[in-house]
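Enquirer: Take a look at the following structure, please.
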Amino acid sequence: MPKFFLDNAPGETALLDGEDGRHIARSLRMRPGEALTLCDCRGTDYDGVIDAIDGESVTVRILGSRPCAAEPSLSAVLYQCLPKLDKFDLVVQKSVELGVSRIVPVLSMRCVSRPDAKSLAKKLERWNRIAAEAAKQSGRGILPPVSPTLPFEQAVREAESAGGVNLLFYEGGGVPIRERIGEATRTASLFVGPEGGFDKSEVELAAAHGITPATLGPRILRTETAPLAALAAMMTVSGNM
């Protein structure tokens, strides 16, 4: 069933226009009486039926609401060090599909990709667009944001202040995910390095701020593979897959 996101919770009716209205009327060719799902971006889905279509404006009558079944109980923030080329696009798309709650691009010591401020602003806009499209496709109950890029030390301090279970995936070894994440875990953050991995001094800095070195097994994964493997494992052991 088609799903569309709203800025706020709807009342008895909701009006969809602009891109969404155009998509319903022109692309999907939906008609009055057909059902669709609306979401308030806060984890609640609304069952609706189309009352009227006027050009590219669609009026939807709300029938009821329910918690979004696709939204995981684990709120996971991904701190992903910037990779080369367009690998970050893939990380954003697949991380949102897997249930991430927020993505933070990070600049660490071994990042080869170091875009200037103007380039980062354009990339951030594209990344958030990719995240929104992935959220719609996967039936999420929120639109996970991609935040502005942070230096590694600032990202570490942010994760520490947020609390929860904080893991840094390190090729030098660490604890398995299942030893830190379980069905009772509600918040977590995960740090993934760039192509060259984390410098030892960064691992030590993270550990000093309560972020535990963790492992994804004996194989060394690519920077775009590691966050997806980690998120899939975290969602599995927390009962969300």
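Enquirer: For the stretch 40-99, what's the relative contact order in percent, using C-alpha pairs closer than 8 Å and at least 6 residues apart? Can you show the working numbers first?
Expert: Values: 45 pairs, mean separation 15.8, N = 60.
Relative contact order of the stretch 40-99: 26 percent.
Enquirer: Please turn the phi angles of the stretch 211-222 into ³J(HN,Hα) values with the Karplus equation 6.51 cos²θ - 1.76 cosθ + 1.60 (θ = phi - 60°), one per residue in order, whole Hz, x for glycine and proline.
Expert: Working through the residues one at a time gives 9, 8, x, 10, 10, 10, x, x, 8, 8, 9, 5 Hz.
Enquirer: Still on this structure: How tilted is helix 152-162 with respect to the longest principal axis of the chain? Cα atoms for both, answer in degrees (0 to 90, nearest 10).
Expert: Rounded to the nearest ten degrees, it is 60.
Enquirer: Separate question: Counting GluC sites (Glu not before Pro) as exposed when in a DSSP loop with at most 12 other beta carbons within 10 Å, what is the longest stretch of the chain free of them? Present the calculation step by step, with values, prior to reporting the outcome.
Expert: Details: sites that count: Glu12, Glu183.
For GluC sites (Glu not before Pro) (loop position, at most 12 other Cβ atoms within 10 Å), the longest site-free span of the chain is 13-182.
Enquirer: Taking every alpha carbon pair in the stretch 75-237, what does the distance histogram look like in 5 angstrom bins from 0, in percent?
Expert: 1, 10, 20, 24, 23, 15, 7, 1, 0
Enquirer: Once the other residues with Cβ under 14 Å from the Cβ of Gly164 are scored (Lys, Arg +1; Asp, Glu -1), what is the net sum? Intermediate results must be reported in sequence, preceding the final value.
Expert: Numbers: positive: Arg102, Arg180, Arg186; negative: Glu158, Glu160.
Around Gly164, the charge tally is +1.
Enquirer: Can you tally the net charge around Glu71? Count Lys and Arg as +1, Asp and Glu as -1, for every other residue whose Cβ sits under 15 Å from the Cβ of Glu71. Walk me through the numbers before you get to the answer.
Expert: Working: positive: Lys3, Arg42, Arg66, Arg102, Lys136, Arg140, Arg186; negative: Asp40, Asp45, Glu97.
Neighbour charge sum, excluding Glu71 itself: +4.
Enquirer: Would you tally the net charge around Ala25, using a Cβ to Cβ cut-off of less than 13 Å, leaving Ala25 out, and scoring K and R as +1, D and E as -1? Display every interim value, and only then the final one.
Expert: Working: positive: Arg22, Arg26, Arg29, Arg31; negative: Asp17, Glu19, Asp20, Glu34, Asp54, Glu56.
Charge balance near Ala25 sits at -2.
Enquirer: Continuing with the same structure: What list of ³J(HN,Hα) values in whole Hz, one per residue of the stretch 188-200 in order, does the Karplus curve 6.51 cos²θ - 1.76 cosθ + 1.60 (θ = phi - 60°) give from phi, with Gly and Pro shown as x?
Expert: Calculated HN-Hα couplings, in order: 7, 10, 9, 10, 10, x, x, 4, x, x, 8, 6, 4 Hz.
Enquirer: Something else: With respect to the cross-link table entries Lys87/Lys136; Lys94/Lys122; Lys84/Lys122; Lys122/Lys200; Lys84/Lys200; Lys87/Lys118, which display a Cα-Cα separation exceeding 25 Å? If you can, show how the numbers build up before the last one.
Expert: Numbers: Lys87/Lys136 21 Å; Lys94/Lys122 20 Å; Lys84/Lys122 16 Å; Lys122/Lys200 32 Å; Lys84/Lys200 21 Å; Lys87/Lys118 19 Å.
Flagged as over cut-off: Lys122/Lys200.
Enquirer: At 7 Å along Cα-to-Cβ for each site, give me the label-to-label distance between Lys118 and Glu19 in nm.
Expert: Modelled inter-label distance: 2.4 nm.
Enquirer: Do the sum for the chain: with -39,500 (n - 2.57) for every DSSP H run of n ≥ 4, divided by all residues, what is the mean residue ellipticity at 222 nm, to the nearest 500 deg cm²/dmol? Please report the intermediate quantities before stating the final value.
Expert: Numbers: 6 runs with 71 residues, N = 241.
Counting only the DSSP helices, I get -9000 deg cm²/dmol.
Enquirer: Can you list which of the trypsin sites (Lys or Arg not before Pro) found in the stretch 34-100 are DSSP loop residues with at most 16 other C-beta atoms within 10 Å?
Expert: Values: sites: Arg42, Arg61, Lys84, Lys87, Lys94; in loops: Arg42, Lys84.
For trypsin sites (Lys or Arg not before Pro) across the stretch 34-100 that sit outside H, G, I, E and B with at most 16 neighbouring Cβ atoms in 10 Å, the list reads Arg42, Lys84.
Enquirer: Would you grab the residues whose amide H sits under 5 Å from the one on Leu168? Only those 5+ places off in sequence or on another chain, please, with H modelled 1.01 Å from N.
Expert: Excluding prolines and chain starts, which carry no amide H, the hits are Phe191, Thr212, Ala214.
Enquirer: Same structure again: For the stretch 3-67, compute the orientation-averaged projected area of the C-alpha convex hull (one quarter of its surface), in nm².
Expert: Values: hull surface 15.0 nm².
Result: a mean projected hull area of 3.7 nm².
Taken together, the values in this text are just the output of simple stated rules run on the coordinates, not laboratory data. All values derive from a computational prediction rather than experimental measurement. Methodologically, a virtual Cβ is constructed for each residue, glycine included, from the backbone with ideal geometry; neighbour enumeration extends over all protein chains shown.
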